[in-house]
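A quick write-up on the structure given underneath.
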């Protein structure tokens, strides 16, 4: 075989490899692998009641161990809510609004939590409001947002997408999904605006679970509020005795606080049998049942809460 033939075969092989790669890249992202059906926890750990300085005291190992003891399969973790403080750095937000950096802890708590959960086989879902922090007028103005009850401006959609993308890339495969709160008014969001938001939420891990919460209750917990949504938001303050999952393309999900309100340290309002029944129904529906549970300032769950949930998640012989 002469040198020209050898060169030709090498070029042909390279072209075939490039073509195969192009086909692979053109394929749609694979559907997300669901978290193991069953029980999970949401925590409202954020500086609404804890200060940024207290984040350094958070005991990640104790926190992750508590979740494992309760046999949680997933965690929904609040990065922040409406006061403009977040538990993780975000270079895009700090570039857009330099003054906001003072409300960020240098400790990357979600990264530490994500790594501790991965070691225990627990999925991490990140929580973020769908709109700019409504109690921080300066940050809202900087990001170009208005009241969450009004349509979001295009300028805000672009800015917020860059913020979401920064966190999405930062946590990559550690983040199995996003749970966006307050999707109350989506009028006027263009197809390109949705594409920008959805691409940002999937950046770093294309097959994430995405939930967009339009509100609480029987009429709204299962709504599809965004084109890329694939998981019910699930918010349900007063769950019925039994669930009949509504017909939906979304994965079934119910989210409710263990105590009378979100993040409140109080006595549980449910019995072991109620929790066991709901978790069982979620498993049958190949879906999720999530309890909002308050950790203390050091990241430890209340012993009475842990004992109750452990009893509910123990498999009967």
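Listing for the model above:
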| quantity | calculated |
| --- | --- |
| Residue 312 being more than 21 Å from the chain's Cα centre (by Cα), farther than 28 Å from residue 194 by Cβ and either touching a residue at least 12 places away in the same chain (Cβ under 8 Å) or outside any loop (DSSP other than H, G, I, E, B) (or both) | yes |
| Those helices (runs of 4 or more DSSP H) lying entirely in the range 56-124 with at least 1 residues more than 15 Å from residue 174 (Cβ to Cβ) | 60-69, 91-96 |
| Which numbered condition residue 131 fails, given (1) in a helix (DSSP H, G or I); (2) in contact (Cβ under 8 Å) with a residue 40 or more places away in the chain; (3) under 16 Å from the mean Cα position of the chain (by Cα) | (1) |
| Among (1) in contact with a strand residue (DSSP E or B) (Cβ under 8 Å, 6 or more places away or on another chain); (2) buried (at least 21 other Cβ atoms within 10 Å of the Cβ); (3) closer than 28 Å to residue 189 by Cα; (4) without any contact (Cβ under 8 Å) to a residue 60 or more places away in the chain, the one test that residue 113 misses | (3) |
| Hits in the range 281-310 (condition: modelled with pLDDT of 95 or more and out of contact with any strand residue (DSSP E or B) (no Cβ under 8 Å at 6 or more places or on another chain)) | 300, 302, 303, 304, 305, 306, 307, 308, 310 |
| Filter result for the condition that a residue is free of Cβ contacts under 8 Å to residues at least 12 places away in the same chain, within 30 Å of residue 186 (Cβ to Cβ) and more than 22 Å from the chain's Cα centre (by Cα), over 244, 266 | 244 |
| Candidates 123, 92, 72, filtered to the one that is in contact (Cβ under 8 Å) with a residue 40 or more places away in the chain, more than 16 Å from the chain's Cα centre (by Cα) and either surrounded by fewer than 22 Cβ atoms within 10 Å (Cβ to Cβ) or within 29 Å of residue 250 (Cα to Cα) (or both) | 92 |
| From the options 204, 217, residue that is in contact with a helix residue (DSSP H, G or I) (Cβ under 6 Å, 6 or more places away or on another chain), part of a loop (DSSP other than H, G, I, E, B) and surrounded by fewer than 20 Cβ atoms within 10 Å (Cβ to Cβ) | 204 |
| Some residue of the range 169-192 being in a loop (DSSP other than H, G, I, E, B), touching a strand residue (DSSP E or B) at 6+ places or on another chain (Cβ under 6 Å) and either at pLDDT 95 or above or buried (at least 21 other Cβ atoms within 10 Å of the Cβ) (or both) | yes |
| Selection count, the range 281-295, where residues are outside any loop (DSSP other than H, G, I, E, B) and crowded, with 22+ Cβ neighbours inside 10 Å | 6 |
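The values are calculated or read from the model by the stated rules, or taken from the named source; none is laboratory data. Note that the structure is predicted; figures quoted are calculated from it, not measured. As a convention, Cβ positions derive from the backbone with ideal geometry for all residues, glycine included, and neighbour counts pool all protein chains shown.
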